[in-house]
Every structure is written in structure tokens, then in C-alpha cells.
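A.B. asks: Have a look at this one.
The values are calculated or read from the model by the stated rules, or taken from the named source; none is laboratory data. If you're wondering where the values come from, they're calculated on a predicted model, not measured in any experiment. Don't worry about glycine lacking a Cβ; one is built from the backbone with ideal geometry, like all the others, and counts go over all protein chains shown. Heads up: the accessible areas ignore ligands, DNA and RNA and are worked out on the full protein's heavy atoms, side chains in. Shrake-Rupley method; radii C 1.70, N 1.55, O 1.52, S 1.80 Å.
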Amino acid sequence: MGAKVIIIWCAKGMFCNRNLQVSVDLRNFKHQLFMTMKRIGNILLFLMAVLLVSCNNHQTNNTTSTDLDAIQKRGKLIALTDFNSISYFIYRGTPMGYQYELLKDLAAELDLDLEIHVSNNLQQSFDMLINNECDLLAINLTITSERQKLVNFTQPISQTQQILVQLTDKQRAKYNPDYKGGGHIKSTLDMAQKTIHVVKNSSFAARLRNIETEIGDSINIVEVDNIDSEQLIWQVVNNDIDYCITDQEVALVNKTYYPTLDISTIASLPQNMAWAVNKNNPQLLDAVNEWITKIKKSPKYAILYEKYFRDPKTVKRAQSPYLSFKGGNISVYDDEIKKCSKIINWDWRLFASLVYQESRFNADAISWAGAFGLMQLMPETAQRYGVDEESTPEANLKAGAKFLKWIDKQLQDSVPDQNERIKFVLAAYNIGLGHIFDAQRVARANGYNPQVWDGNVDYFLLHKSDNQYYDPELVRNGYCRGIETYNFVRSIMERYRIYKTLIN
């Protein structure tokens, strides 16, 4: 607007000058006209430069800013947590975990999608936060003065103490018949000259160095990289190492798994545990703190704590081969799922995510519409591939894979990119090819890309029943409830991303 005003003002100045000097000769008039136009040109060049700088600055701010405004514009919260049998794991195909469920609640509170990354390397985790590769560290972090120089901590999520984990003397004697006692640590004074393992760059290591000063003797502190406290505890259980330090909650949970552990020795005073955000994200920090205050007063918080730290079912879960952190299996049908996934040339974890979505791995599942089995095939589709309700789970999986392959073939021309086509195939498996072709036609007619699912075809499937898009020439297969298919695809792809992260 400013540029237009200046240009108009200059133009008026030129013509007013001409009107006032009627008697000037043609040469002077041409000279004045030339100089005036030159000034206008210079002004335009200046304005273009200013606008260019302004645009560049605006773009830079959008790409480098990671505070709440930018996160909301992006539409998803990117969080990093650790991968163990408490924080984040897969159990019988279902993503679970204390930190995971808290993060889901936070993302819902902020009306954002959730993307989770995992790392059991603390230094890597802090580096990713500082470098804006994630928005939030959802890890039980001890608040220390050194860490406060690097990141901003949220309000405390919980309180804990550091605990020394060791085997009972009785269990030590089982591993070593010559053991006569003397290795049991009852207090920090007994830590002198002992070898104690801790996670590298953790507050446990810092605490042990303080204990060295307090007791006036040395401790052999072994810092282990790319591992978490729970894995160190397993090494204690297996008698691979003698001692490790961990948080009280982790120690208590693992004591229920392994009764042979002794967790009676306290290594620190009570400490606050918190999450962390980048120092440049004050808006996000305020929003997370507001949520923490709210959820800690709610019954949900107590229920979650009970579920993951006190529920006796945690023992059964820990012993299951379908715990991702332990066995790496998703379901009892993993072997057959791996075989059938080759029919469609998909990652077996993607195929497993679809099976979970359809039946929760229940081979006897039957829907209200008559779909049955692991793949929830409709009777007419199942008949085409030679299966019925009496067929084996393996036959049902194989028939579903063949049906997916057929759908994939029908979509190859309209969606040539193989990875992008996966979403179209999933959608068509749920709602039928006709509705997908309708949504593609409507997308194309409205200037969207009919070969891209997210933000293009999925939008028009979602709004396929809206009058503004319901053109009989384009919508040839009638109305449909697109929201169900929209959520179907999103759920499968998100679970697949989690499976890829947590399942080898």
C-alpha cells in the first residue's frame, strides 16, 4: 500500500509540474520528464528491495521459530522420549507407556497431532532439543544447574530419589557358591572402591561424583552410552554387573519383575523430575506448565501412575514376548504376517498395523456388517479368494493380502508413486475403490493433486458429502462417511511409524 501511495504521489508531482510550466520548451520538458521517471524508478527499486528483505525475514522467522505459534501452524507436536517398558513401548500391537500417554493428553490439550521420536542417549536427546529437531524432551529429567544453562525445565512432573540396585545376598550366593557376603551396599559409605554402572551424562553419574567427595574415597564410575537404566538393571539381574543407579520409580517397577533385586539403598535426597523445552520457546513452556498444573490435579494422572508403577499386571506384561522392549514381537501371527506382506511388497510392520486396526489380532472377530477374521473381509470379497468364516487365520491373512494387491494394481495408473499409493490402497480397502476415484476427480477439479493423499484427496474424501463438492459428474458413487476412512488411514500410518521406531 505504501508503494502505491508513493508512486501516485510522484505521478501527481510530475503532472502538476507540467501544468504549472506551460511555457517551458520541449527539451526542458523531456529532461524533467526523464529525471522524474528516473526518480520513480529509483523509488520502485528501493521499495522492491525493502519488500524482498521483509519477505526473506518473514520466511526465516517461519522456518527457524519453533515456539508454540510455529508448532500450531505446523499442526503437530514433536516430542522425544526414552524407549523402555515404562516410558514408551508396544504391547500386543498397542503403543503404550507412561510418557506416551501423558504426551497424548498434552497434544490433545493443544489440539495438535503427536509425533514421537525415541533415544536412550541423553546427550543425543539434549542435542536434538537444542538444535530444534524436537519440541520437547518428555523424559524424567533431574533438574540440575548445568542442565538449566542448556534448556528450560517445565514444572516438576514427579518427585523421586536415586536408588542403588543390586542383587540380594541370597541371589549372589546362587550365582557364586563361594560368596560369603561383604559385597552388599547398605549406605553411600559402602560405595567406596565399588564399580557402579550408570547411564552416560545422567544425573546419576553426577551424584556419584558428589558421593566420592562426601565419603572421601573413590568410586569406579562406569558411564554406559546408548542404554537406559532399565537395561542396566537387567544386567544386574543376570549378574553381568554388580550395581547400578536408577530412579526410585524404575527401581520399584523392576523389583516387581525381579524379586531377586535389592533396592533398599537410597543414594540421594528427593529430587524433582521434569520435562524440558528449548530456551527459545517461552510460549511452549507456558502452555506445558499450564497443562501440568491441570493434569496433576485430575484423576487421570493418578490412574496413569497406578497403571504403570503399581499395577500387578506390569509383571505379566514384562514377561510377555509381545513386549517390544523385550521380545520384539507384535502378535502371535507375526510369522504369517511377514509371509503375507511379501504378496503386496509391504513392510511387514505396515501390514501388521492394518491387521491390528481391523481386528486387534482377534481371528474370531466379526463385525456388525458381517466382515470376519483378522482382515475383516466381507463375505463376497472373501469368497473371491476362497475363504470363509471356517478358514484358518493364515488363509484369512493371505486372502487379505491378495485383495490389497488387487487394489494396488487398480491404483497404479492414477497414483504412480508406490509409497504415496499405500495410503490410497488402505483407504480403498476400507471404503471401496469407487469412493476413492470420486475423491480424486473432485480434488483435480478443485485444483488439488489427485496423486497425493494428505491435504489433497483425503480432504475431498472427508468432504465428499458436502453440497459444495457434490457434483454428479464427478461423484459417481454416491455419498459416504469419509471421516471413518480418513481416521482409518491416519491411525494405520501413525501406528506403522511407531512400529518402525520400536520394532526391529
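A.B. asks: Within the range 420-479, how many residues are polar (S, T, N, Q) and part of a helix (DSSP H, G or I)? Walk me through it before giving the result.
C.D. replies: In the first step, residues of the range 420-479 are kept if they are polar (S, T, N, Q); the result is 430, 440, 446, 449, 451, 456, 465, 467-468, 477.
If we keep only those that are part of a helix (DSSP H, G or I) as well, we get 430, 440, 456.
Within the range 420-479, residues that are polar (S, T, N, Q) and part of a helix (DSSP H, G or I) number 3.
A.B. asks: Ok, one more. Which residues, taken from the range 425-461, are hydroxyl-bearing (Ser, Thr, Tyr) and either open to solvent by less than 40 Å² (accessible area, probe 1.4 Å) or under 23 Å from Met375 (Cα atoms) (or both)? Before the answer, list the steps.
C.D. replies: Here is the first cut: in the range 425-461, the ones hydroxyl-bearing (Ser, Thr, Tyr) are 429, 448, 459.
Passing the criteria: only Tyr429.
A.B. asks: Sort out for me the helices (runs of 4 or more DSSP H) sitting completely within the range 219-335 that have 1 or more residues that are closer than 19 Å to Leu106 by Cβ.
C.D. replies: Values: elements: 229-237, 248-257, 282-296, 299-309, 313-318.
Result: 282-296, 299-309.
A.B. asks: Name the residue, out of Ile241, Ile292, Ile263, that is closer than 23 Å to Leu141 by Cβ and open to solvent by less than 20 Å² (accessible area, probe 1.4 Å).
C.D. replies: Ile292
A.B. asks: Which of the residues spanning the range 352-385 are open to solvent by 50 Å² or more (accessible area, probe 1.4 Å), free of Cβ contacts under 8 Å to residues at least 60 places away in the same chain and either of a type outside the set (A, V, I, L, M, F, W, C) or within 15 Å of Ser331 (Cα to Cα) (or both)?
C.D. replies: Once the filter is applied, which keeps residues that are open to solvent by 50 Å² or more (accessible area, probe 1.4 Å), free of Cβ contacts under 8 Å to residues at least 60 places away in the same chain and either of a type outside the set (A, V, I, L, M, F, W, C) or within 15 Å of Ser331 (Cα to Cα) (or both), the range 352-385 yields Asn362, Asp364, Pro379, Glu380, Gln383, Arg384, Tyr385.
A.B. asks: On to the next question. Take the residues in the range 55-106 that are at pLDDT 95 or above, part of a strand (DSSP E or B) and aliphatic (A, V, I, L, M); name whichever of them is nearest to Trp234 (Cα to Cα).
C.D. replies: Leu80
A.B. asks: Out of everything in the range 248-260 that is in contact with a strand residue (DSSP E or B) (Cβ under 7 Å, 6 or more places away or on another chain) and polar (S, T, N, Q), what residue ends up being least open to solvent (accessible area, probe 1.4 Å)?
C.D. replies: Asn254
A.B. asks: Consider Leu304 carefully, then state whether it is among the aliphatic types (A, V, I, L, M) and under 21 Å from the mean Cα position of the chain (by Cα).
C.D. replies: It is true that Leu304 is among the aliphatic types (A, V, I, L, M) and under 21 Å from the mean Cα position of the chain (by Cα).
A.B. asks: For a quick check of your reading of the model, give me the residue pairs whose first member lies in the range 397-408 and is of a type in the set (D, E, K, R), whose second is open to solvent by 10 Å² or more (accessible area, probe 1.4 Å), with beta-carbon atoms closer than 7 Å and at least 6 apart or on different chains.
C.D. replies: Short answer, once both residue conditions are applied: Lys402/Ile343; Lys402/Tyr385; Lys405/Ile343; Lys405/Ile344; Asp408/Ile344; Asp408/Arg421.
A.B. asks: Something else now. Which numbered condition trips up Ile215, out of (1) within 30 Å of Ala287 (Cα to Cα); (2) among the hydrophobic types (A, V, I, L, M, F, W, C); (3) more than 41 Å from the chain's Cα centre (by Cα)?
C.D. replies: (1)
A.B. asks: Does the range 92-102 include one or more residues that are open to solvent by less than 30 Å² (accessible area, probe 1.4 Å) and basic (Lys, Arg)?
C.D. replies: Scanning the range 92-102, I find no residue that is open to solvent by less than 30 Å² (accessible area, probe 1.4 Å) and basic (Lys, Arg), so the answer is no.
A.B. asks: Among residues belonging to the range 179-216 that are open to solvent by 60 Å² or more (accessible area, probe 1.4 Å) and touching a helix residue (DSSP H, G or I) at 6+ places or on another chain (Cβ under 8 Å), point out the one that is nearest to Phe126 (Cα to Cα). Walk me through how you get there before you give the answer.
C.D. replies: Quick first cut of the range 179-216, residues open to solvent by 60 Å² or more (accessible area, probe 1.4 Å) only: 180, 182, 186, 189, 193, 200-201, 209-210, 213-214, 216.
If we keep only those that are touching a helix residue (DSSP H, G or I) at 6+ places or on another chain (Cβ under 8 Å) as well, we get 189, 200-201, 214.
Details: Leu189: 32, Lys200: 13, Asn201: 10, Glu214: 29 Å.
So, considering only residues that are open to solvent by 60 Å² or more (accessible area, probe 1.4 Å) and touching a helix residue (DSSP H, G or I) at 6+ places or on another chain (Cβ under 8 Å), the one nearest to Phe126 (Cα to Cα) is Asn201.
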